[in-house]
Amino acid sequence: MTGTGKEQLLAQFSSYLDAVEPDIEADKEADLFSLFTEMAALRNEVKIESRQFKSALEEFKQAFTVLQNSHERLNTELAQSKQTQQQALDKISKTLLLEFLELYDRLDAGLCALNAFQPKSHWFGTCDQEQHFIASIQEGQAMTLQRLEQILATHQVKAIDSFGRILDPHRMKAIETIKDEAHEDGTVAEEFRKGFTWNDEVLRMAEVKVVKNQKVER
């Protein structure tokens, strides 16, 4: 191609480019349409994700409520179970402690009998071997009784102090009365059977003799 032909071709192409004008408005409309389309799609996605999040939140609330109710129910059942176990343990402990008190009564009565023992035979009273034997039994009985009292005290079992006090109907039981002008009515004059408390509750009532000077008017 000659130089003149090239120049003519370039001139035609330049004229064509000058004749073609860009459609700016159409480009703007296309851009706005694309923007609106993308915004609508984004809004739909936001709505979908919002509904999914709200649904997940509701499910989480329900699961949390179920878990909280289960936890409260479990705590209630555990508390009831502990209470039942404690009641059963207290019942067994009370039975055993009452058996210990029966043993205490026998040891105490035996020791009182030994302390009050008076030999009828003059020969027995002058025999050192027999006197030493009785003293040994008394000492052993006293040690056993003291040890039993320590065991009871370890389990919070305490004797009720009733002698010389006014009758407490919640802790003492009057099984006999006596007239004694030197003391006011209701005073415990003698204790037949010692009473005990366990954890500040009455384990066994004391059986006592009570002063009663006044006659009941009918």
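The values are calculated or read from the model by the stated rules, or taken from the named source; none is laboratory data. This one's a predicted model, so the numbers in the text were calculated from it and none came from an experiment. Don't worry about glycine lacking a Cβ; one is built from the backbone with ideal geometry, like all the others, and counts go over all protein chains shown. Ligands, DNA and RNA are stripped out before the accessible areas are found, and what is left, the full protein with its side chains, is counted by its heavy atoms. Shrake-Rupley method; radii C 1.70, N 1.55, O 1.52, S 1.80 Å.
Any residue in the range 99-114 that is out of contact with any strand residue (DSSP E or B) (no Cβ under 9 Å at 6 or more places or on another chain), farther than 30 Å from His132 by Cβ and either open to solvent by 80 Å² or more (accessible area, probe 1.4 Å) or of a type in the set (Gly, Ala, Ser) (or both)?
Yes, because at least one residue in the range 99-114 is out of contact with any strand residue (DSSP E or B) (no Cβ under 9 Å at 6 or more places or on another chain), farther than 30 Å from His132 by Cβ and either open to solvent by 80 Å² or more (accessible area, probe 1.4 Å) or of a type in the set (Gly, Ala, Ser) (or both).
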**OP:** Could you check, for the range 200-211, whether at least one of its residues is over 20 Å from Leu103 (Cα atoms), open to solvent by 40 Å² or more (accessible area, probe 1.4 Å) and at pLDDT below 90?
**Re:** yes
Original post:
Which of the residues that make up the range 139-169 are open to solvent by 80 Å² or more (accessible area, probe 1.4 Å) and touching a strand residue (DSSP E or B) at 6+ places or on another chain (Cβ under 7 Å)?
Top reply: Gln156, Lys158, Phe163, Arg165, Ile166
**OP:** Can you run down the residue pairs with Cβ atoms below 6 Å, 6 or more apart or on separate chains, where the first is in the range 63-90 and farther than 30 Å from His155 by Cβ and the partner is exposed (fewer than 10 other Cβ atoms within 10 Å of the Cβ)?
**Re:** none
**OP:** Might you let me know whether the range 133-151 holds any residue that is under 40 Å from the mean Cα position of the chain (by Cα) and aromatic (Phe, Trp, Tyr)?
**Re:** no
